[in-house]
Amino acid sequence: MPPVRSEVIAIVVTCKADVDVFFGRLLEAIRARAWEVTPAAAPSSGTSVAEGAAPTEDIAIRMPVVGVSGILRMEQESWENAGQNLQDAFQDLNALMSKAKEMMQLAEKMRLKLLMNSSTESNSNDEEMGSKQDMQDLLLSVGIVSPVTKETAGALYHQQLSLQLADFVRIPLEKAGGMMALVDVYCLFNRARGTELISPEDLLQACSLWEKVDVPVMLRKFDSGVKVIQTKTHSDEEVFARISSLAQKPDALQKGISPSDAAFTLGIAPALAKEHLLNAENKGLLCRDVSPDGFRFFSNLFNDIDPQNIHSQKPHGMYKAWISVAMASH
């Protein structure tokens, strides 16, 4: 080409052999700078090649093979590239796992230290409590360092799993107000165990063993069949008091409360709030109204009605408050 112009040549190579071989040959040709050598005069058509002369090497690039062979060759290259990528990924994963094990051990030491400090120190300011809570949340997201498995525990698998579950569930129960659905605990526990997952049957059997050991948590089953895990210090009377206070508000006296309203007040899941409302109904604190819109619960006004004189109105009490709200709405 003329020296005033510059050209960029793109070469696409498709072959079964090693591409590095071609790349080496290409570098040798470039270093030889054959384009700067003055070409010798071309021999006439009648002149034959001299004896002993080396034949000219044919460096012409062959066109890629098309058809079935080309498809098979492309498939083989794809598998080779995928294999190399997997090998590189596993090398990075092994390095990550070696570091993760050290971090898990450090997290377990910090968790034990926090538990010891919380048991020995009773007086602390709000800032320290907030920092401890944040640290507990971080450690909870890290997971369990040495989860109990059937291979390591053997015949004592469920007993050791029960103790580990009781220790793990304390912090989530404190955040949830002392009660969590068994399904939620199953998800959190398996997430913390990483790859050592357990079955729902193993979790249920581990929870059932809490009756035989001294742990601060217990398994509870509602009349509807819903199973929850709660602390032994959890009081239904406190929950009933908060529900009664919610049901006595003017708007609730007129329209009632739904499981969603109770869930927002109690800070729990709507499914658990519904179970508390049904329990309050069984205690005679609430009355239930079932409609196409769902369940609505009202304060039980029958407790303020005199069976001997149902037409008399008390000058005080819930019935009087309900009459006042009803008259104000009209």
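Some observations on this one:
- Listed residues T149, T265 arranged by accessible area, highest first, probe 1.4 Å: T265, T149
- For I9, the accessible area of its heavy atoms, probed at 1.4 Å with every protein chain present, is near 140 square angstrom.
- Rounded to the nearest 10 square angstrom, V226 shows an accessible area of 50 square angstrom against a 1.4 Å probe.
- Dividing the convex hull volume of the alpha carbon atoms of region 153-231 by its residue count gives 91 Å³ per residue.
- Cβ-derived FRET efficiency at R0 22 Å, A153 paired with C187, nearest 0.05: 0.50
- Extension gain, F264 back to W35 (0.36 nm per residue minus Cα-Cα distance, nm): 74.2 nm
- Q248/I9 FRET efficiency (R0 51 Å; Cβ-Cβ; nearest 0.05): 0.05
The values are calculated or read from the model by the stated rules, or taken from the named source; none is laboratory data. If you're wondering where the values come from, they're calculated on a predicted model, not measured in any experiment. We place every Cβ from the backbone using ideal geometry, glycine too, and count neighbours over all the protein chains shown. Remember, those area values only see protein heavy atoms, side chains included, never the ligands or the DNA or RNA. Shrake-Rupley method; radii C 1.70, N 1.55, O 1.52, S 1.80 Å.
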